[in-house]
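Quick note: the coordinates plus some simple rules give every number you see, no bench work behind them. Computed from a predicted model, the values in this text were never measured in an experiment. Counting neighbours? That spans all protein chains shown, and the Cβs are built from the backbone with ideal geometry, glycine included.
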Amino acid sequence: MNVYYEDPDTEENVEIARVDTDHDSPHFDQLHRRDQPKKDVDWSYGEAIERLTENWRAYAETYEENHG
């Protein structure tokens, strides 16, 4: 699952948050943060959708602050 931010300068979609299992366990890639940490999570599919949906605006604001 991914969250994208539309960069107003480039008009490109930039991935700013992701929940996946690419490294054998569920984790949250916090791409909106400058240090882009990966956090292991124990979220169900539904919970991951809920968390990303509820927090997308905060991720976009953090991305703007760190990369804008």
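Results, tabulated for the structure shown:
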| quantity | calculated |
| --- | --- |
| The range 43-68, subset in contact (Cβ under 8 Å) with a residue 12 or more places away in the chain and of a type in the set (Val, Ile, Thr), residue surrounded by the fewest Cβ atoms within 10 Å (Cβ to Cβ) | 49 |
| Candidates 40, 22, 9 - the one that is exposed (fewer than 13 other Cβ atoms within 10 Å of the Cβ) and touching a Pro at 6+ places or on another chain (Cβ under 8 Å) | 40 |
| Residues being in a loop (DSSP other than H, G, I, E, B) and small (Gly, Ala, Ser) - total across the range 1-41 | 1 |
